[in-house]
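Before I ask anything, here is the structure I am working with.
The values are calculated or read from the model by the stated rules, or taken from the named source; none is laboratory data. This is a predicted model, so every value here is computed, not measured. Note that each Cβ is placed from the backbone with ideal geometry, even for glycine, and that neighbours are counted across all protein chains shown.
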Amino acid sequence: MLTTVQFTIVQGPDEGTRYEFRQQEIVVGSAFSNDLILSHPDIAPHHFRIVEDKEDIFLEDLGSGSGIKLNGLFVSRGPLHNGDELQTGPYVFHLSLLREEITDEFIQGLQVLEGSGGKPSAMKRPPVLALLSVLLVVLIYSGVRLSMTEREGEDLSNAGALPLPVHEIIGHKVGGKNYVDKAEFTFFAQKPKYRLRYQPGYIRYLRQVGIYLNDEKLADVPLTIDRWADELVSVDIPQTTLKMGEVNTIRFDNRRNPPEKTQWGVREISIHEVPIPKCDVEVAQKYLRLSNEKYEERRINDPNLYAAIQYLKEGLEYVIACEDAQVRDVLLETVDRYEEELQGKYEDFLFNTKKFLKLKDLEAARMELQNIISHVPDESDRRHRAARDLLEKIEKR
């Protein structure tokens, strides 16, 4: 098995630079003898290495001093997987691991280049017809690239907003309509609740492209380095930002400077109405009472705080369409307070997990992760998923 390891700097010096290696050991550091040289005061001469051992690939700290984070947690040695995030010093890397089987054809290809003593054999002069064919391919490719460059020069960032839905490719240097700086879309809001869906692609940097509704930020487009995302991404539209009975504008904003040097894209952009119940204050108040009961019992049973928040969110569905905002405001204020408490617990458990992993106390780290899973029982919640994934990695050690 051969593995191609790609390092892409997504944050820090030389952001956006990608390095690629195809060897069993890759040594990284500031010394010139390394395979990957990072010239920075926070990087040790021999900082870390990546080594392939049978079927697995491992990261090993070689005495960095400042430590190495793998997916947000300090490690001295650990297995690597495709898509991992590695942070050390001022650098944040996105890792891509591309595996290839060592086939008979691959070995034969190597043998063609081997002469006596393992030196490359002399290459035969290629026939004239082959040279002409190669030249023709180069000329055709150059013409295609020139045509694409000319089309990319037509920046449509200020050409006006497009009505949703839009299924074609929008962005810069991704083969569709060229929007260097931004792309805007409009929809008319007749209902109080909507959901945006889109497919991102070729997003190389954290917080590179932001999503805005009526100039209020909704979210950042997630990383999808050198490819299109496998699935559509959904973003719920906050009622506080939505303009009922008016045209609303959604903007995908490429915030890199200068934007013309950065590749980015979105496609299959659509807006969907989310059905809501009719106004029913009594039902909303019932959910509020249930939430308060769960909250009072939150120290008896770990999932109760999460259940209290879910009751509040269900109650909110019944007052979105109400003209009187009094009950809605109470629910919103309460859910914010409960969410803040739950997030505080999550951050405390995560901090303890990192501390115990640093001390190599795996059993204590497991207990902290189990606490996260217990307090956030919903498997679709990102906090639950993060704790579960880390727990699985610890169990494999």
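Return the total of residues in segment 269-301 being under 30 Å from the mean Cα position of the chain (by Cα) and either modelled with pLDDT of 90 or more or assigned to a helix (DSSP H, G or I) (or both).
Selection size over segment 269-301: 4.
Quick check: is even one residue across segment 260-272 without any contact (Cβ under 8 Å) to a residue 40 or more places away in the chain, surrounded by 14 or more Cβ atoms within 10 Å (Cβ to Cβ) and either closer than 30 Å to residue 311 by Cβ or touching a Gly at 6+ places or on another chain (Cβ under 6 Å) (or both)?
No, segment 260-272 contains no residue that is without any contact (Cβ under 8 Å) to a residue 40 or more places away in the chain, surrounded by 14 or more Cβ atoms within 10 Å (Cβ to Cβ) and either closer than 30 Å to residue 311 by Cβ or touching a Gly at 6+ places or on another chain (Cβ under 6 Å) (or both).
What residue, among those in segment 309-346 that are among the aromatic types (Phe, Trp, Tyr) and assigned to a helix (DSSP H, G or I), is nearest to residue 277 (Cα to Cα)?
311
Can you tell me which residues in segment 211-252 are part of a loop (DSSP other than H, G, I, E, B) and either touching a helix residue (DSSP H, G or I) at 6+ places or on another chain (Cβ under 7 Å) or more than 24 Å from residue 201 (Cβ to Cβ) (or both)?
214, 215, 238, 239, 240, 241, 242, 243, 244, 245, 246
Among the residues of segment 191-214, write down those that are under 25 Å from residue 316 (Cβ atoms) and without any contact (Cβ under 8 Å) to a residue 60 or more places away in the chain.
211, 212, 213, 214
To continue, here is another question. Looking at 182, 177, 173, 193, which is the one that is surrounded by 17 or more Cβ atoms within 10 Å (Cβ to Cβ) and modelled with pLDDT under 90?
193
Restricting attention to segment 380-396, report how many residues are free of Cβ contacts under 8 Å to residues at least 60 places away in the same chain, farther than 14 Å from residue 343 by Cα and in contact with a helix residue (DSSP H, G or I) (Cβ under 7 Å, 6 or more places away or on another chain).
Going through segment 380-396 one residue at a time, the tally reaches 3.
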